[in-house]
Amino acid sequence: MARGYGGKPRRYARRVRRGGEKSGFDYEPVHLSAEEESGFYYGFSNEIIWPLFHDLVTNCNFDPSYWDIYERVNRKFTEAIKQTYREDDFIWVHDYHLMEVARYLRRDGYRSKAGFSFIYPFLR
């Protein structure tokens, strides 16, 4: 998820794809509504997962509505992958924001090689 496209999704999508061409990878933007961005990124990811993974449980805001949005956005990213998927692709999922993507892909029968980067060490 890249943020800050300034409300011009077509121009932003072209820039994302062009950046991919320059790097030798295929990039596809996944557009989120304001509600999805708020509940997924600022809500579940930053108010639950981040403090939880940093042993700051008392800072967590366990709002149940965040989970539904987190799952919906992970499914949205999964569907975007499925739209551009080729059988020999290596699928890279970066960070805790998209932890559910691999599960959804496997559930849907995708068996490509995949990597997951998780940058937070557990403290205990």
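Numerical summary
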| read-out | value |
| --- | --- |
| Qualifying residue in region 28-37 (condition: surrounded by 14 or more Cβ atoms within 10 Å (Cβ to Cβ) and in a helix (DSSP H, G or I)) | yes |
| Of residues in region 44-69 being at pLDDT 95 or above, under 18 Å from the mean Cα position of the chain (by Cα) and hydrophobic (A, V, I, L, M, F, W, C), the one surrounded by the fewest Cβ atoms within 10 Å (Cβ to Cβ) | TRP67 |
| Single unsatisfied condition, VAL93 versus (1) exposed (fewer than 13 other Cβ atoms within 10 Å of the Cβ); (2) of a type outside the set (D, E, K, R); (3) touching a Ser or Thr at 6+ places or on another chain (Cβ under 8 Å) | (1) |
| Any hit, region 23-43, residues being of a type outside the set (Asp, Glu), at pLDDT below 95, on the phi > 0 side of the Ramachandran plot and in contact with a helix residue (DSSP H, G or I) (Cβ under 8 Å, 6 or more places away or on another chain) | no |
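Residue by residue, here is whether (1) in contact with a Lys or Arg (Cβ under 9 Å, 6 or more places away or on another chain); (2) within 29 Å of GLY24 (Cα to Cα); (3) basic (Lys, Arg); (4) in the same structural domain as GLY24 (by TED's automatic domain parsing) holds:
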site	(1), (2), (3), (4)
GLU36	yes, no, no, no
TYR42	no, no, no, no
TRP50	no, no, no, no
PHE62	no, no, no, no
GLU71	no, no, no, no
ASN74	yes, yes, no, no
THR84	no, yes, no, no
TYR96	no, yes, no, no
ARG103	no, yes, yes, no
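Conditions tested, residue by residue: (1) part of a helix (DSSP H, G or I); (2) free of Cβ contacts under 8 Å to residues at least 60 places away in the same chain.
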| site | (1), (2) |
| --- | --- |
| ASP55 | no, no |
| GLU71 | yes, yes |
| ASN74 | yes, yes |
| ALA80 | yes, yes |
| ARG86 | no, yes |
| ASP89 | no, yes |
| TRP92 | no, yes |
| TYR104 | yes, yes |
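The values are calculated or read from the model by the stated rules, or taken from the named source; none is laboratory data. Because the structure is predicted, anything quoted here is derived from the model rather than measured. Methodologically, a virtual Cβ is constructed for each residue, glycine included, from the backbone with ideal geometry; neighbour enumeration extends over all protein chains shown.
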